[in-house]
Amino acid sequence: MTRREWIESAVLLGSSPCACLAGASHDCCTLPEAAAGAVQAGSGEVILDLDRAPALHRTGGALKVVDSARKLRILVARPAKDKYVALDQTCTHGGGALTYVHRHKHLYCTCWGHARFALDGSVLRWPNSEKPRPLRAYAVERQGNRLHIRQEGQA
């Protein structure tokens with residue numbers, strides 16, 4: 001079966017090749033979520049306990065930190081041995097979830113794959129003629145086994 005036949009059959013059957021294409025959760029093909037006990041929300045920052053975040057134990061790992069009360073969805077990635085980055089996980093183009101691609105050192109939208117972002121939040125690829133909107137990047141500081149992710153302006 002070709003890719004086109006598969007997509008057409010999914011549409012005819014009322015299903016979708018990906019839950020996010022069907023309007024369901026945008027987390028079908030993305031990152032693990034940080035365990036609740038690994039995250040502390042403080043005033044203006046999120047603190048992530050690296051001992052309780054195994055996805056970040058290795059270079060190339062990534063996870064998401066979700067704080068529904070403060071409407072935060074943060075993607076945290078470890079692109080190098082001593083480097084961590086944190087960015088909004090929601091695509092500024094269509095609202096889909098972003099995931100981290102270590103091989104290319106960028107984030108891409110899991111729903112359509114059209115938008116791509118650099119690790120500083122700048123736009124690498126934008127799918128249409130609208131003005132590209134970068135991602136919000138957060139300041140990250142490692143203190144021992146904890147990552148302090150600063151959220152200035154978000155209380």
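A few points about this structure:
- Qualifying residue in the range 77-89 (condition: more than 14 Å from LEU147 (Cβ to Cβ), crowded, with 20+ Cβ neighbours inside 10 Å and in contact (Cβ under 8 Å) with a residue 12 or more places away in the chain): yes
- Selection within the range 109-132: residues that are part of a strand (DSSP E or B) and among the basic types (Lys, Arg). The member of this set that is surrounded by the fewest Cβ atoms within 10 Å (Cβ to Cβ) is ARG125.
- In the condition set (1) of a type in the set (A, V, I, L, M); (2) modelled with pLDDT of 90 or more; (3) surrounded by fewer than 22 Cβ atoms within 10 Å (Cβ to Cβ), VAL65 is compliant with all but (3).
- Cβ-Cβ distances below 7 Å connect the following pairs, each with a first residue in the range 38-53 that is free of Cβ contacts under 8 Å to residues at least 40 places away in the same chain, a second residue that is part of a strand (DSSP E or B) and of a type in the set (Val, Ile, Thr), and a separation of six or more residues or different chains: VAL39/VAL46; VAL39/VAL65; GLN40/ILE47.
- Test: residue in the range 72-95 that is among the small types (Gly, Ala, Ser), modelled with pLDDT under 90 and under 13 Å from the mean Cα position of the chain (by Cα): yes
- Selection status of GLN151, closer than 23 Å to ASP49 by Cβ and surrounded by 15 or more Cβ atoms within 10 Å (Cβ to Cβ): yes
The values are calculated or read from the model by the stated rules, or taken from the named source; none is laboratory data. Because the structure is a prediction, the values reported are computed rather than measured. When we count neighbours, we look across all protein chains shown, and the Cβ atoms used for this are built from the backbone with ideal geometry, even at glycine.
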